[in-house]
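Everything on this sheet refers to the single structure shown next.
The values are calculated or read from the model by the stated rules, or taken from the named source; none is laboratory data. These figures come from a predicted structure and were not determined experimentally. Note: ideal-geometry Cβ built from the backbone for every residue, glycine included; neighbour counts use all protein chains shown. SASA here: full protein model, heavy atoms, side chains in, ligands and nucleic acids out. Shrake-Rupley method; radii C 1.70, N 1.55, O 1.52, S 1.80 Å.
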Amino acid sequence: MYDIVVIGSGPAGLSAAITAKMRNKSVAVVSNNRTDSGLYKAAKVDNYPGFPAVSGAELLNKFSMHAAGIGAEMIRGRVTSVLPMGNQFGVSYGAEMVSAKALVIATGVVQSSVFPGEEALLGSGVSYCATCDGMLYRGKKVCVVSLTPEAEEEAAFLESIGCEVVRLTTKKIVINGEHKVTSVTADGEEIPCEGVFILRPSIAPAMLVPGLLMADGHIQVDPKMRTNIPGVFAAGDCTGAPYQVAKAVGEGLVAVLSAVEYLAGSK
Ligand SMILES: Cc1cc2nc3c(=O)[nH]c(=O)nc-3n(C[C@H](O)[C@H](O)[C@H](O)COP(=O)(O)OP(=O)(O)OC[C@H]3O[C@@H](n4cnc5c(N)ncnc54)[C@H](O)[C@@H]3O)c2cc1C
């Protein structure tokens, strides 16, 4: 078990990981590929102190090398759920899980909105992870909503275990069913099915962490980057504007200092 798990390896998450190591805490960063950070696409960043005209990719590489170089564990994976387990948290990615005493959410801005029916039927036919939940649907018909290139791999996995897979790429989706999924409506066409796998590069934080309070689409935090859930902190674009590297880096630091305080108090 780690002291702290950080979700997301953008500037906020990497700053959090560096501060955690500086405070002598064990830390793992679980994240999608580094190239998924918006910063990776920035040709030139002119406003980060000390690095005039640096490319976003170069800045991110430097942050990442710094964090890994001082011992932060870097785990590649898309986090699909966080389970509170007493005074620790289980963080699931693919079929794997890591646990920690404190959590920092640094997932950046999540562009995708939730489909009608998704929230109500999550865990009752709606899943974000084929390798985790696929076996429940063996021999059954499922829809795979592919909004990420890696989705094809997950769809192929579901076929390999005997699911009948309908691939959908549209964003006009409605998930139907009262207590469990019975069908999906895609662009107005209703497709009967027993499960739907929604594969996005990121998942809205409130769907990741049950009970997490949001405000205007962002995670609600206090000035110490504490969320409404004890032991859960947030930093970077996911907490709101301005969407800037310097703000993300500063918040990553504050979030971990608060996490360290929390860990000291929870001993
Ligand atoms: C084209 C462009 C140009 C920009 N130019 C500038 C600039 O010049 N100056 C400036 O200050 N800012 C700039 N920005 C903004 C800056 O990139 C962001 O403010 C900054 O990257 C936010 O950092 P973050 O760590 O909060 O989130 P991000 O950098 O978005 O990192 C979040 C990471 O978490 C990962 N993630 C999300 N959900 C999950 C999950 N469920 N499981 C695992 N991983 C997950 C994401 O894939 C991503 O890698 C620019 C942004 C863009 C898109």
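Details
- Residue in the range 29-36 that is in contact (Cβ under 8 Å) with a residue 60 or more places away in the chain and part of a helix (DSSP H, G or I) present: yes
- One residue from Arg138, Arg76 being out of contact with any strand residue (DSSP E or B) (no Cβ under 6 Å at 6 or more places or on another chain), of a type in the set (Lys, Arg), open to solvent by 50 Å² or more (accessible area, probe 1.4 Å) and within 27 Å of Ala16 (Cβ to Cβ): Arg76
- A single entry from Val91, Val6 fulfils the requirement of being within 14 Å of the ligand (Cβ to nearest atom), in contact with a helix residue (DSSP H, G or I) (Cβ under 6 Å, 6 or more places away or on another chain) and assigned to a strand (DSSP E or B): Val6.
- Residues (out of contact with any strand residue (DSSP E or B) (no Cβ under 6 Å at 6 or more places or on another chain) and farther than 22 Å from Cys132 by Cα) located in the range 178-206: Glu178, Asp187, Gly188, Glu189
- Single match in Val221, Val249 (criterion: more than 9 Å from the ligand (Cβ to nearest atom) and either crowded, with 19+ Cβ neighbours inside 10 Å or assigned to a helix (DSSP H, G or I) (or both)): Val221
- Candidate set: the range 71-88, residues that are over 21 Å from Arg200 (Cβ atoms) and not polar (S, T, N, Q); chosen: the one farthest from the ligand (Cβ to nearest atom): Gly86
- For the residues Lys25, Lys41, the requirement of being near the ligand (Cβ under 6 Å from one of its atoms), over 21 Å from Val209 (Cα atoms) and among the charged types (D, E, K, R) singles out Lys41.
- Exactly one residue among Cys143, Cys132 is closer than 30 Å to His218 by Cβ and within 15 Å of the ligand (Cβ to nearest atom), and that residue is Cys132.
- Residue within the range 4-14 that is touching a residue at least 40 places away in the same chain (Cβ under 8 Å) and open to solvent by 40 Å² or more (accessible area, probe 1.4 Å) present: no
- Selected residue (criterion: nearest to Gly86 (Cα to Cα)) from residues of the range 224-246 that are near the ligand (Cβ under 8 Å from one of its atoms) and open to solvent by 30 Å² or more (accessible area, probe 1.4 Å): Asp237
- Within the range 153-166, the set of residues being touching a residue at least 12 places away in the same chain (Cβ under 8 Å) and farther than 15 Å from Ile203 by Cβ comprises Ala155, Phe157, Leu158, Ile161, Gly162, Cys163, Glu164, Val165, Val166.
- Among (1) in contact with a Ser or Thr (Cβ under 7 Å, 6 or more places away or on another chain); (2) open to solvent by 80 Å² or more (accessible area, probe 1.4 Å), the one test that Cys129 misses: (2)
- The residue of the range 41-59 that is modelled with the highest pLDDT, among those that are under 21 Å from the mean Cα position of the chain (by Cα) and either over 13 Å from Gln244 (Cα atoms) or open to solvent by 40 Å² or more (accessible area, probe 1.4 Å) (or both), is Ala57.
- Of the numbered criteria (1) over 19 Å from Glu190 (Cα atoms); (2) modelled with pLDDT of 90 or more; (3) touching a Gly at 6+ places or on another chain (Cβ under 7 Å), the one Thr131 fails is (2).
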